[in-house]
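Single-structure report; data block below.
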Amino acid sequence: MAVITFSSPLLHGPKTVYAVAGDTRTVLALAEEHKIPIPFECRDGNCGSCLIEVTYADPSTKMGIYLTEKEKSKLKELGRLTPQEIEDAEVRDMPPRYRLACQFIARDEDVTISFTGEPGGA
């Protein structure tokens, strides 16, 4: 089971939700279900408005689903993905700190999702 804590100036303190093991919904879908206002425009990784910062409770167990080419491209365009992070993701299966909520699927891990509520500003 994934324990996901959302943190944002838009919330009245952190909010924690649980994702059942095997759940393939994105963080954006989980946020919507629990009335957490992550901004978004397209739901498809094209706009970058749902930029989030992901912090792992146990960094040695990072298991987030891989980056799609679309997400890599958008994160590079937003200046939120370095060549080293791309290499870490592709070679070492180490997901980067910044993701798009519409693409990120939390696995069996505890994470904190931070967002500012402003497009492109995790």
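Details
- Residue tally, condition more than 19 Å from V17 (Cβ to Cβ) and not in a helix (DSSP H, G or I), over the range 63-89: 8
- Set A89, A122: member being within 27 Å of H12 (Cα to Cα) and either at pLDDT below 90 or of a type in the set (D, E, K, R) (or both): A122
The values are calculated or read from the model by the stated rules, or taken from the named source; none is laboratory data. Keep in mind it's a predicted model, so treat the numbers as computed, not measured. Neighbour counts are summed over all protein chains in view; Cβ atoms, including those assigned to glycine, are modelled from backbone coordinates with ideal geometry.
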